[in-house]
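Here is the structure we will look at, set down as structure tokens.
The values are calculated or read from the model by the stated rules, or taken from the named source; none is laboratory data. Keep in mind that what you see is a predicted model, and the values were worked out from it rather than measured. Heads up, the Cβs are rebuilt from the backbone with ideal geometry, glycines too, and the neighbour counts pull from every protein chain shown.
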Amino acid sequence: MAISADTPEESRELAQKAGLTFPLLSDRDTQTIRRYDLLLPGGGEDGRDIGGTAEFLVDTSGKVRWRKLAETKPMQFVNAAKSAGLALPNGRN
């Protein structure tokens with residue numbers, strides 16, 4: 001599963017265009033993103049708050065057993081999406 005600060009519609013469009021085979025959930029108010037300390041304030045191309053990239057292993061009780069934080073800057077993801085021909089939310093191509 002992945003969590004994005006995009007709207008549900010933006011997340012759905014991205015998942016379809018990228019061919020994702022796992023759920024992409026919308027966390028527009030960044031409540032979950034903040035809980036995992038992944039908020040990048042103003043990190044989006046249009047100055048929106050976004051979530052950083054990380055991987056977590058969470059046990060059945062909800063305890064994080066392992067995590068890996070990415071060092072990729074937000075604009076690297078935006079540029080990669082543009083290069084792959086993916087439409088960015090709100091026409092930000």
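Every test in (1) at pLDDT 85 or above; (2) under 15 Å from the mean Cα position of the chain (by Cα); (3) of a type in the set (Gly, Ala, Ser) is passed by Gly62 save one, and that test is (2).
Is the range 16-23 home to any residue that is within 11 Å of the chain's Cα centre (by Cα) and closer than 23 Å to Arg67 by Cβ? No - not one qualifying residue is present in the range 16-23. When the range 8-30 is examined, which residues are found to be at pLDDT 90 or above, among the hydroxyl-bearing types (Ser, Thr, Tyr) and assigned to a loop (DSSP other than H, G, I, E, B)? The answer is Thr30, and nothing else. The residue pairs whose first member lies in the range 1-27 and is among the aromatic types (Phe, Trp, Tyr), whose second member is not in a strand (DSSP E or B), and whose beta carbons are closer than 8 Å, counting only pairs six or more residues apart or on different chains, are Phe22/Met1.
Listed here are the residues, each with its yes/no results for (1) assigned to a helix (DSSP H, G or I); (2) at pLDDT below 85; (3) loosely packed, with under 11 Cβ neighbours inside 10 Å.
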position: Thr32; (1), (2), (3): yes, no, no
position: Gly44; (1), (2), (3): no, yes, no
position: Trp66; (1), (2), (3): no, no, yes
position: Thr72; (1), (2), (3): no, yes, no
position: Val78; (1), (2), (3): yes, yes, no
